[in-house]
Structures are given as structure tokens and as C-alpha cells.
Amino acid sequence: AAPHVVVVGGGAGGATAAKYLKLADPGLRVTVIEKNPVYIRPYGSSEVLNDHIGMADLEIGYDRLRDRYGIGFLFDTVTGVDPEQRIVRTAGGSRLAYDRMIVSPGIQLLYDRIDGYSETLAETRVPSAWIPGEQTRLLRDQLHAMRPGGTFLIVAPPNPYRCPPGPYERGALMAEWFQTHNPTAKVIILDSKDRFVPGPSMLLGWNRLYGYNVPERFREGMPLDGDWPLREHDGPGMIDWVPGYDGGRVLALDAGAGVVEAEAGRFEADVINIVPPMVAGRVAFAMDLVDGSGYCPIDRRTHESARHPGIHVIGDAAQADTMPKSGYSANTQAKVAARAVVDLLAGRETQEPVWENTCYALAGQEYGLYVADVFRLVDGRIQRMDGPRFLPLDASRAQIRLGALYQNHWMQTFTQDCFA
Ligand code: FAD
């Protein structure tokens, strides 16, 4: 019989893996086990908050993967695995035998790591909206109903986390929304970190669009003349970032009072959006794929688990060294893992992998930034190759607009590459 590959999780990583397994070897049997019959994409989901798109635009079905490539789908929750017998179990009572498995379950959010915060609060009053769904809708409604002149407070997570530019892009999109709908409102981002990607180019965007004063230490290379120089602003601007060195680390939430307590003091806010610390999705723990880091150690060449042979881990749940946790990363890791699985099943030598990632981020609807990287295997680790990475700080207005256009088109072509 044809070998059977089971894919756990039909998100950016899992869907891509299933498709590329079939492209590489149409004779394989491939079954995706996924909790939800409709995927709600996290990438681009902050754009629901400002009504750039609707909730329905995040939804992606699996018909094309099934019909075009003959991939099997089981909509059920995986609960565990017997790695010796190579059998995976689901909540619905199914037991599926596999020859190899690819696991891409994404993340789980550790709400309780912040004093006073909980999953219940996230679902009812203080949404995180880092795994999109009802919390995204709730946060959107809170943004839209915020009182004139109110404060929208974002708590950014510690490293490592899903989508490094995400909290800062969200802050920018909120400020842009307020410019039109609530011009005296403010955005505050509290952060335990001292830097973020794509730091300076985002800070420059905030400076130009929302009156943010860039701290001295981040100004190197920013244009001081020309057609769009760095500006000094008198007032505090619409957006403020409080990094770790300024006391941005959060100590506690008092949801009743609408207060976040940080090292720098008490911050009152009308809307509070917390992105808590995170680790690999629950099922990765249930399958015993996780180590003390909270993520899954792998052999980088094949993405095969360092704990259980025959199981490959990709996407946000995997330990991938210098690669960021992004949809783009999950997608290229899926291609590497799919190829390795096909080679291993055929008894062939596996190939030298190359990965890439581009994180696009918006400082405004027409202000696009990016960080682009190629990665190779060096001494058993995934290492970023040297070279230009960011939209240059002296980019022209036209290049910046193009950046936003790239982001927009990437969203569509990327989704096609994963799901169609
Ligand atoms: P996911 O896409 O989360 O997929 C995991 C899947 O596994 C889910 O469908 C889930 O239902 C399923 N699953 C989990 N447990 C089980 C189980 N026990 N049984 C069955 N199924 C299970 N990335 C970019 O590249 N570019 C961007 O511009 C970008 N923007 C972002 C903006 C925001 C606001 C956020 C939050 C994220 C953004 N990302 C972006 C990150 C990107 O969405 C994630 O990195 C990517 O989705 C990770 O893919 P994954 O396959 O690891 O996990």
C-alpha cells in the first residue's frame, strides 16, 4: 500500500505541507487532521480591527486542497500519539496509523502568566486576538466604541512569539484609525523588550504619520533632510512605545479598574489588548514533542522531532533558531519537511535545505515595511545569511507605497500557495 502521511493542523504550515507532499509524490496518501473545517488566518488579522477587511475575509476552506490534490481531511481534535506503534488518536475516537507525521499546531497563549489576566477575561473584556476569532471581533467592537480622547493600550509579548512585527503594526493601524475617527485618542504599547523587528523603519513611520518622537538611540541612518525627513514633534503624538529600559515590563492587570501596572507606573486605558507570552500548541505537549523551552526541538535538516522519530514539527511550534515565527516561515519549513518526508519514505538521501522569510508590516494603509531573509543550515542550526534585510530608512515615498502594495499582494499569493 502507498505510505500514509498524517498532517496535524491545517494552518499555514500544515496546509502547505499536505499540498507539497502531494506535489512531490502524488502516490502518497495524505490526511490532514484539523480541529476546524474553516481556517481563520492570523496573518493580516489586525486589519479586521480597522475595517480594512471583514472577519469573513480571514476565512479559508479546504475544498481546493481536497479536490485538486486528493488530500484527505478529518475534522477532529488530535489528543495524542503512540510514537512506537505510529498511531495518532483524536477526541472523536479515531485512531490513524501513519508512516510519517508532520505536526504544525501553532501556539497557545499563556494568559495566566500576567497577574490578573485569564482566558475568561480575554474572551469577555480584555481580548488578546493573537489567535483570531471571537476575540478579534470583540477587540474591533471595543475600538469602534471607544470614548473620544480615550487610550488604547497594547501589551507586547516577550520573545519568542508569533509574528515579531505584529504588535507594532497593530499599534500603527490603531493610530491610523484614530486619526479619522477619534483624533484625540492615544495608543500606548507597553513592552518588556528593548527592541523589535523591523524597529527603526517602524519608528520612522510612526514619526512621520503619528507624531512619534524617535528616541536618540534609534535615529542612526534616519534621513534628516530630503523630501521626507525625520521630524521633531512638540507634543507626545498619537502613539507611544514604552520599551523595557523605560519600565515597559507589565506587572499586573486590574481589568475592573481598566489599569495595567508596569514597572514605569500605572497606565489607565479604555481598551486593553494583551498579547501574553506563548508556547507551542497544546497538542505538541500532549504528544511529548516539547522541551523546557516551550517549543519543539528538531533536527533542522528534516524538521524531524529530536524526541520522537517519524514525527516532523514545523511552524510556530518548532524551534527554528534565527527564523521568526511567521506564516511565511511555516510555509517554507513545510516545503523543507515535505521534501524530507518524501525522500525518507523513498529511502533517498535528504537534501540540503534553504529557507526564506519575509515579514511585511504596515505603519499605515499606504506605508509598507518589510524584513526579508534567507536562511541556511550552519553547524546544525538555522542561520540567517548576511545581506540587506529592511526597507531602507532613506526609501522614497514611492518605495514605501510599493511596500504596502507588496504586502497586499503577498497576502493573496501566499494564501494561494498554502491553500489552493
Ligand atoms: P497556525 O496557522 O495557527 O495553524 C495551526 C492549526 O492547527 C490551526 O488551524 C489549529 O486549528 C490546528 N490545531 C491546533 N491544535 C490541533 C489539534 N489538537 N488537533 C487538530 N488541529 C489542531 N505571518 C506572516 O508571515 N506574515 C504576516 O504578515 C503575519 N501577520 C500576522 C498578524 C497577526 C496579528 C498575527 C497574530 C499573526 C501574523 N502572522 C504573520 C503569523 C502567522 O499567522 C503564523 O506564524 C502562522 O499562522 C503559523 O502557522 P502554523 O501552521 O504554525 O500555525
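The values are calculated or read from the model by the stated rules, or taken from the named source; none is laboratory data. Fair warning: this is a prediction, and the values are worked out from it, not measured in the lab. Here Cβ is always computed from backbone atoms with ideal geometry, including for glycine, and neighbour counts include all displayed protein chains. For the accessible areas, the whole protein counts, side chains as well, though only heavy atoms, and no ligand, DNA or RNA atoms are used. Shrake-Rupley method; radii C 1.70, N 1.55, O 1.52, S 1.80 Å.
Here are a few things to note about the model shown:
- Rounded to whole Å, sorted largest first: equivalent-ellipsoid semi-axes of segment 83-122, Cα gyration tensor: 34, 12, 8
- Tail fraction, Cα-Cα pairs, segment 265-386, threshold 16 Å, whole percent: 67 percent
- Relative compactness, segment 361-419, computed as alpha-carbon Rg over 2.2 N^0.38 Å: 1.38
- Projecting the Cα atoms of PRO236, LEU405, GLY310 onto the charge dipole of the chain (Cβ charges, centred on the Cα centre) puts GLY310 farthest toward the positive pole.
- Principal axis box of segment 1-44, alpha-carbon based, largest edge first, Å: 39, 19, 12
- Solvent-accessible area, 1.4 Å probe, carbon plus sulfur percent, for the chain: 47 percent
- Bridge type composition, the chain - antiparallel percent by DSSP, nearest 5: 55 percent
- Inverse mean reciprocal Cα-Cα distance (Kirkwood Rh) of segment 159-205, Å: 11.7 Å
- Dipole orientation for the chain: of the candidates PRO167, GLY13, ALA372, GLY13 has the Cα lying most toward the positive pole (charges on Cβ; Lys, Arg +1; Asp, Glu -1).
- When +1 charges are put on Lys and Arg Cβ atoms and -1 charges on Asp and Glu Cβ atoms, the dipole computed for the chain relative to its Cα centre reaches about 980 debye.
- Modelled spin labels at ARG137 and GLN365, positioned 7 Å past Cα toward Cβ, are 2.4 nm from each other.
- Computed from the C-beta positions of ALA2 and ASP225, the FRET efficiency with R₀ = 56 Å rounds to 0.30.
- Computed helical MRE - 222 nm, the chain, DSSP H runs ≥ 4 contributing -39500 (n - 2.57), nearest 500: -8500 deg cm²/dmol
- Total formal charge among the other residues, if their Cβ is under 10 angstrom from that of TYR295, Lys/Arg +1 and Asp/Glu -1: -1
- For segment 104-133 versus segment 253-287, the gap between their alpha-carbon centres in whole angstrom: 7 Å
- Check: segment 288-366 dipole with +1 on Lys, Arg Cβ and -1 on Asp, Glu Cβ, in debye: 120 debye
- Each of ILE189, THR90, LEU391 was scored by the projection of its Cα onto the charge dipole of the chain, and the greatest displacement toward the positive side belongs to THR90; charges sit on the C-beta of Lys, Arg, Asp and Glu.
- Calculated FRET efficiency, HIS409 to ARG376, Cβ-Cβ distance, R0 = 25 Å: about 0.40 to the nearest 0.05.
- With at most 16 other Cβ atoms within 10 Å, longest stretch of the chain clear of loop GluC sites (Glu not before Pro) (DSSP): 85-219
- Cα-based Rg / Dmax (Å) for segment 1-106: 15.0, 51
- Directionally averaged shadow of segment 90-152, computed from the convex hull of its alpha-carbon atoms, nm²: 6.9 nm²
- Given charges at beta-carbon only (K, R positive; D, E negative), |dipole| of segment 253-396 in Debye: 560 debye
- Based on the reciprocal of the average 1/r between different C-alpha atoms, the Kirkwood radius for the chain equals 22.3 Å.
- Hypothetical label at ASP394: residues of segment 194-234 whose amide nitrogen lies under 14 Å (7 Å Cα-Cβ projection): 220-230
- What the Cβ-Cβ distance of ALA257 and ALA346 gives, at R0 = 56 Å and to the nearest 0.05, is a FRET efficiency of 0.35.
- Listed pairs LYS35/LYS186; LYS35/LYS325; LYS22/LYS193 exceeding 32 Å between Cα atoms: LYS35/LYS186; LYS22/LYS193
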